[in-house]
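Participant: I have a structure here, written as structure tokens, and I will follow up with some questions on it.
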Amino acid sequence: MSQPILQAQDLHKRYEKTHAVQGISFDIQQGEIFSLLGPNGAGKTTTISMLSCLLSPSEGDAIIDGHSVRHDADAVKKIIGVVPQEIALYPDLTARENLIFWGKMYSLGGAHLKQRVEETLDIAGLSDRANEKVESYSGGMKRRINIAVGLLHEPKVLFMDEPTVGIDPQSRRRILDTVLELNQRGLTVLYTTHYMEEAAELSKRIGIVDHGKLIALGTQDELTKLVGENDALHIGISGISEPPGLLARLNALSGAHNAAYEDEMLLLEASHANEQLSDIIGAITSAGGQVKSIKIEEPNLEAVFLHLTGRALRD
Amino acid sequence: MKALEIAFKDTLARFRDWKALVGMLAAPLMISALIGLAFGNLSSDEAPIENIRMALVNLDDGELGQAYEDVLTSPDLQSLIALEITEDAEAAKARIESGELRAVLVIPAGFSETVIPDNEGDSGMASVELYTDPAASVSPIIVKSIVERISASINTLLLAGQVSGDAIVPYAPLLGAEMATLGEAIGAELQSERFDFEELTLSLETIATGEDEEPFDPFAFFIPGLAVFFLMFSMFEGSRSILQEERHWTLQRLMSTPTPTWQIILGKMGGTFLTGLLQFIVLVLSSALLFDVNWGNSILGLLIIVVLTVFAASGLGAMLTAFSRNENQASVVGSAVSLVFGALGGSFFPTDGLTGIINIASKLTVNRWAMDGLLALTVERGGLADIQTPAVVLAVIGLVTFGLALMTFQKRFVK
């Protein structure tokens, strides 16, 4: 295997009262889309901020294309593109003016800058609205320009921090397609998300992050094997006055485990969900609950997260 | 240099924000116009200060009534007062209400006879009556000042009967030759020295009535004052944009580019400075065009004071922002400092009369030194030599505050 383009080595970030990142390590190969999957507050943005040289690691280091984020930040900044979770654009400027400004910050100029602005506008699909102020754009359009800025200087690695937050499904689909297309052109992408489907669609390898720690890392197959052949059941219920009692009863059922209850939603793993369903419903009704909905999922990343943390992968 | 790109970007964004433009340009110009109206310098039906329409109703047959008339019609006051002489006091007063006249002076019948002592040395009390237009602000003050001066001179002559006419002659250019003659006549009449008063000294202030003097121009004071006041506001607001950029993550994105942090901070502060400079220049040009404000005879001096005022104001804004915990705190502190500095520093009233601790506090403000420099040019028609002290003080304020802001921001944003 070739040398990874990015190596995160035991990264830590401590603040006065919190230990936001606690020893995260992973490698990314050139041309790969690597996803960090985890709920909000898991430490994904702090990790990307350290890799982007915005935050200095308290411990550890990361090497990007041979340059240390600790010791050679200027060189790192030239080869990375950053797409922050926020719409980091100037609303009073047009899309083209934004791109020209940010291009200059990457030391682009003259005809090359002009060419790159047009190319990135094309990637964003906003060439025809390039002269409109960003403040007049929809959320999805702003997200696309936000991504275009990160591509201006043709980075070797693109960091995308939750780039689909708060947009409609159509815009989200377009952004995911853009990421896949950029990757096909050879761009390496580090993608953070709390949407399991996005990580599953984009990445072969995924790191699952929770409470500042990388709790699992591997391909989707490798990760789903962690939960075995278990199905994941999502059962909407009401009328449960003592969830701990119900959870204990469910975990005692043969082949069922990791039962969790949150916001009138019961989550549990079962080795053969269809066969065990009547016993599970019986346990719920005998506990005074009423079943409102049932969803059975084959092993997936959501189930992996549930399996590893006992919690659902939610906001 | 990337700092310049950041500064230009900020300036462009600021001048595209119509709300910011209202605060930077429209508000000071509109308030100046209102003040101008209050001072009676704009309205077409308001008499210009150099040609105040006034009527004299002289019902006195004696020398004193004639003295008022002679002084008011003297060549020295011709350019200042357009005098009508009439005998109908009520009609004249009615013309004030209709706006035709700004003032009416009534000398009552028997005024001289009552006031001038007879052979026995007895005299009585009598008053002249001055009616002015309450809607006008400046012209009544001027007319009252002239009438008071004539009255004071007459009083002095009457009290110091032994003063010879020669003593009055030096004041002729101020009071008119007729007054000096009057003094001589009264002096001669009272040579009998029945009165044993100490010799009194005439103490007269000069009124700018000569051709070489500029007419009073309220804009020459208020527009620089308001320009500095609103400049402080926009500089504080501009400085806060660095914290807004932090909130919107554009600052973090800037710092993820291969741009040195000091250039980013310098660019942000430079943008505020450039915005302020353009704001002030636009105010200078527009006030000169709209209100005929004379910004003095030294363009270089004006440029120096404007540049250094903006430098000091933007530096102070940057420093206060750098020391603030967040945008809200910076906003509150900035507004408070703008208001206090405006009041103490002479943006609303002259600081000439300030003494003691208030004067010291005034000298701690950017506004004070900016106003000292600007008024030296606009009101006193001074040159480079007259703005040296304010220029040096403003430059020092700017250098210290910019330096502190740069260091504090650098510490704050490099994590």
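The values are calculated or read from the model by the stated rules, or taken from the named source; none is laboratory data. Predicted model, so just to flag it, every value in this text is computed and none were measured. Cβ: placed from backbone, ideal geometry, glycine included. Neighbour counts: every protein chain shown.
Participant: If you take the residues of segment A:208-232 that are of a type in the set (D, E) and outside any loop (DSSP other than H, G, I, E, B), which of them is farthest from A:F34 (Cα to Cα)?
Facilitator: Result: A:D231.
Participant: Mind telling me which of the residues A:G140, A:G166, A:G110 ends up being within 20 Å of B:A3 (Cα to Cα) and at pLDDT below 95?
Facilitator: On inspection, the qualifying residue turns out to be A:G110.
Participant: Turning to a different aspect of this structure: Does A:V83 satisfy being touching a residue at least 40 places away in the same chain (Cβ under 8 Å) and either over 21 Å from A:E32 (Cα atoms) or more than 11 Å from chain B (Cβ to nearest Cβ) (or both)?
Facilitator: So A:V83 does not fit the description; no.
Participant: Take B:G65 and tell me if it is in contact with a Phe, Trp or Tyr (Cβ under 7 Å, 6 or more places away or on another chain), in a helix (DSSP H, G or I) and at pLDDT below 80.
Facilitator: The answer is no for B:G65.
Participant: Determine, yes or no, whether A:P39 is more than 20 Å from B:F413 (Cβ to Cβ) and modelled with pLDDT under 90.
Facilitator: When the stated conditions are applied, A:P39 passes them.
Participant: Within segment A:86-113, can you find the residues that are in contact with a Ser or Thr (Cβ under 6 Å, 6 or more places away or on another chain) and free of Cβ contacts under 8 Å to residues at least 40 places away in the same chain?
Facilitator: A:M105
Participant: Here's a follow-up. Just give me the residues in segment A:9-51 being of a type in the set (A, V, I, L, M) and closer than 26 Å to A:E181 by Cβ, in sequence order.
Facilitator: Correct list: A:I28, A:I33, A:L36, A:L37, A:I48, A:L51.
Participant: Being surrounded by 24 or more Cβ atoms within 10 Å (Cβ to Cβ), at pLDDT 90 or above and under 30 Å from B:A385 (Cβ atoms): is that true of B:A313 here?
Facilitator: Yes, satisfied.
Participant: Inside segment B:254-293, can you point out the residues that are within 14 Å of chain A (Cβ to nearest Cβ) and closer than 19 Å to B:A27 by Cα?
Facilitator: Once the filter is applied, which keeps residues that are within 14 Å of chain A (Cβ to nearest Cβ) and closer than 19 Å to B:A27 by Cα, segment B:254-293 yields only B:T275.
Participant: Continuing with this model, one more query. Please determine whether any residue of segment A:79-90 is in a helix (DSSP H, G or I) and either touching a Pro at 6+ places or on another chain (Cβ under 8 Å) or modelled with pLDDT under 95 (or both).
Facilitator: So far as segment A:79-90 goes, yes, one or more of its residues are in a helix (DSSP H, G or I) and either touching a Pro at 6+ places or on another chain (Cβ under 8 Å) or modelled with pLDDT under 95 (or both).
Participant: Between residues in segment A:135-162 that are free of Cβ contacts under 8 Å to residues at least 40 places away in the same chain and residues that are among the acidic types (D, E), which pairs lie under 7 Å by C-beta distance while being six or more apart or on different chains?
Facilitator: Here the result reads A:G140/A:D168, each pair linking segment A:135-162 to a residue that is among the acidic types (D, E).
Participant: Next question, about the same structure. Kindly indicate which of B:P390, B:P350 is closer than 23 Å to B:F280 by Cβ, away from chain A (no Cβ under 14 Å), part of a loop (DSSP other than H, G, I, E, B) and out of contact with any His (no Cβ under 9 Å at 6 or more places or on another chain).
Facilitator: B:P350
Participant: Now for a separate question. For segment A:257-287, which residues satisfy the criterion of being over 13 Å from A:L306 (Cβ atoms) and of a type in the set (G, A, S)?
Facilitator: Across segment A:257-287, the qualifying residues are A:S271, A:A273, A:S278, A:G282, A:A283, A:S286, A:A287.
Participant: Suppose we filter A:E264, A:E298 for residues that are closer than 28 Å to A:V209 by Cβ and loosely packed, with under 13 Cβ neighbours inside 10 Å; which single one remains?
Facilitator: The match here is A:E298.
Participant: Here's something else I'd like to know. Tally the residues that are part of a strand (DSSP E or B) and either buried (at least 24 other Cβ atoms within 10 Å of the Cβ) or at the interface with chain B (Cβ under 9 Å from one of its Cβ atoms) (or both), restricting the search to segment A:63-78.
Facilitator: Total satisfying the criteria: 1.
Participant: On the given criteria, is B:R325 among the basic types (K, R) and part of a helix (DSSP H, G or I)?
Facilitator: Criteria not met by B:R325.
Participant: Follow-up. So which residues in segment A:101-117 are of a type in the set (A, V, I, L, M), more than 9 Å from chain B (Cβ to nearest Cβ) and under 29 Å from the mean Cα position of the chain (by Cα)?
Facilitator: Once the filter is applied, which keeps residues that are of a type in the set (A, V, I, L, M), more than 9 Å from chain B (Cβ to nearest Cβ) and under 29 Å from the mean Cα position of the chain (by Cα), segment A:101-117 yields only A:V117.
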